[in-house]
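The values are calculated or read from the model by the stated rules, or taken from the named source; none is laboratory data. Not measured: the values here are computed from a predicted model. All Cβ positions, even for glycine, are placed from backbone atoms using ideal geometry, and neighbour counts span all protein chains on display.
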Amino acid sequence: MMLYEKLENISILLGNQSKAKSIIEELEKLMKSDIITPRLLARKTKVTLLEATRVLEFLVKENELEFFIVVECSNPDSIYENEIGHYKYFTSIKEFNAFSKGQECPICGCGYKYNFEDTKIGFRRLEK
């Protein structure tokens, strides 16, 4: 990822070059399989959550990052030891909005619905 090309634009977006450089340095460390959230980026770079979110959104528009949305099955039995949570991934807002929010988890057949109250958004490097 060649984010240093975006330093000037991110500096303008944040109004602070040192914050922009800190964010770019952190994002440059990401491998293609790594996931970052706005909260994690804010904590690692000591910027506000809003600033981290704005930069990540900008980098999605610049085709440097992709975003995805994750919701988890609300089956209470999946919290026990050795149980793996069941997740549904979306790669677009359109796909997320089109999904039936009342749909039951097809993975475990438990009859529980997905927990949309704890929806998570993550970002990762685009495959180039």
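The figures follow:
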{"item": "Residues being in contact with a strand residue (DSSP E or B) (Cβ under 6 Å, 6 or more places away or on another chain) and either in the same structural domain as I10 (by TED's automatic domain parsing) or at pLDDT 70 or above (or both) - total across segment 74-100", "result": "8"}
{"item": "Hits in segment 5-39 - residues which are out of contact with any strand residue (DSSP E or B) (no Cβ under 6 Å at 6 or more places or on another chain) and β-branched (V, I, T)", "result": "I10, I12, I23, I24"}
{"item": "Test result for S33, hydroxyl-bearing (S, T, Y) and without any contact (Cβ under 8 Å) to a residue 40 or more places away in the chain", "result": "no"}
{"item": "Selection count, segment 101-128, where residues are β-branched (V, I, T) and at pLDDT 85 or above", "result": "2"}
{"item": "Looking only at segment 100-126, and only at residues there that are part of a loop (DSSP other than H, G, I, E, B) and hydroxyl-bearing (S, T, Y), the one that is nearest to K32 (Cα to Cα)", "result": "S100"}
